[in-house]
1. Kindly state, to the nearest 0.05, the FRET efficiency for residue B:209 paired with residue B:138, given R0 = 30 Å and r defined as their beta-carbon distance.
2. If ligands, DNA and RNA are left out, what is the accessible area of residue A:32 with a 1.4 Å probe, given in Å² to the nearest 10?
3. Per-residue accessible area for residue B:186 at 1.4 Å probe radius, Å² rounded to 10?
4. Just to be sure I understand the model, the point goes 7 Å from the Cα along the line to the Cβ. What's the resulting residue A:30 to residue B:175 distance in nm?
5. Quick check: with the 1.4 Å probe, what order do B:184, A:51, B:150, A:13 take by accessible area, largest first?
6. First measure r as the distance between the Cβ atoms of residue A:43 and residue B:184, then evaluate 1/(1 + (r/R0)^6) with R0 = 35 Å and state the FRET efficiency to the nearest 0.05.
7. By accessible area of protein heavy atoms, probe 1.4 Å, what ranking do A:12, B:170 get, highest first?
8. Given a Förster radius of 35 Å and the C-beta distance between residue A:119 and residue B:122 as r, what FRET efficiency does 1/(1 + (r/R0)^6) yield to the nearest 0.05?
Amino acid sequence: MAAGLKTVILLSFVLAVGFLMIILSCALWHNWLPLLVALIFVLAPLPNALFSHCGADDFSGHYDSAGPVDLGRFITSMIVVTGFALPIVLAHSEVIRPAACAMSILGGGLVYGTILAYSAAFKQEESDYD
Amino acid sequence: MQTSSSPRTPTTPIEIHVEIEVRRDADDEPADHQRPDISHGPQFGRQSPTPPSLPPQLPLISTNSSIMSLPRSSYDPRRVCLNPFPEFTLGKHRRTIGVYIAGALFALANWTFLDAAILSAHAKKPLDPPPPVHVTFVDWVPGICSLLGFFVIVLIDKDRVRGEEGFGDSRAVWRARLFLFIGFALMAGGLAGSITVLILKYILEDYSEQFTYYGYANVSQNVALMLSAVVLWIATSSASEYEYNLTL
């Protein structure tokens with residue numbers, strides 16, 4: 001459990017740094033639109049988490065019920081691309097500064113990477129309870 | 001004399017062999033109307049050592065219905081198209097990756113066009129001469145057509161289009177193919193419409209590069225939507241092929 005504790009601490013630091021970047025990109029230029037990026041990246045794993053309970057297991061082989069799982073993956077990747085595209089679009093039309101765009105993308109990537117790494121690191125213990 | 005006669009000798013038996021095969025064909029076909037699968041079966045053996053993997057023989061067999069004893073892997077008697085759907089025997093993760101890529105392409109397509117629309121809406125204030133052209137509803141129409149076609153294509157049951165799963169209603173297959181045709185026609189119409197808008201509205205008017213970007217964004221939106229539909233189709237149909245190979 002010591003390794004798990006270290007992982008949790010590291011991931012929480014990365015998450016905090018990601019949110020710091022996003023909030024800094026908003027606060028430095030007094031334009032709070034990049035805060036949407038944090039909201040989008042927090043919402044990104046939600047469809048996968050919801051729709052993964054609708055489908056079958058990975059090893060049962062019932063591909064007929066894989067439609068909701070595919071829908072969840074589709075929506076998840078749509079949201080992730082939206083999170084990266086929104087600051088670029090905003091910076092392109094000069095609503096936000098390019099520096100704010102870069103910082104919010106970096107922060108959003110850190111937040112989403114934290115979520116992915118957390119779910120990948122603690123998947124093993126979840127499957128033990130099944 | 002020797003060199004000129006020796007090439008002739010191998011050519012003549014080959015010609016005789018071909019003539020014999022043609023007569024066999026003409027004799028067999030009217031006689032065996034009841035069981036054409038058996039009449040076609042030995043002909044494969046005569047023509048080539050690897051018979052069941054011959055694609056040009058498919059339409060001959062597809063005209064005869066209710067042949068169920070043949071192995072389905074090489075040729076399917078219920079198949080309609082000469083060229084079958086592309087069969088990918090990919091692993092399980094390819095389906096996941098394909099769905100992710102399709103979703104990313106879908107979002108990228110829409111954000112490309114939304115970028116142009118937002119840019120056009122924000123181009124009013126800073127420019128001293130007013131911008132000559134804006135993104136209007138005409139620019140939105142091809143994208144809406146492509147989106148409708150995308151949803152039509154995605155929502156169709158793939159097994160019904162192929163007609164492989166043995167559904168009792170043969171009209172369901174017909175209707176599914178009609179819907180698929182409508183979906184692809186909508187997507188192709190959206191793509192053609194976007195190119196039309198690009199040429200008629202932006203290129204022929206000789207706008208600067210800042211404004212022709214709206215037209216190019218429109219075209220790339222429709223291209224990316226079509227790519228997304230293709231990737232999603234391949235990804236979702238590869239898994240059924242995978243399962244199909246497991247069951248055989």
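The values are calculated or read from the model by the stated rules, or taken from the named source; none is laboratory data. Being a predicted model, the structure only gives us computed values, none of them experimental. Glycine also receives a Cβ, built like all others from the backbone with ideal geometry; neighbour counts cover every protein chain displayed. Remember, those area values only see protein heavy atoms, side chains included, never the ligands or the DNA or RNA. Shrake-Rupley method; radii C 1.70, N 1.55, O 1.52, S 1.80 Å.
1. The pair residue B:209/residue B:138 has a calculated efficiency of 0.90.
2. That residue has around 140 Å² of solvent-accessible surface.
3. Around 50 Å² of this residue is reachable by solvent.
4. With each label placed 7 Å out from Cα toward Cβ, I get 6.2 nm.
5. A:13, B:184, A:51, B:150
6. 0.60
7. Sorted by accessible area, descending: B:170, A:12.
8. The pair residue A:119/residue B:122 has a calculated efficiency of 0.40.
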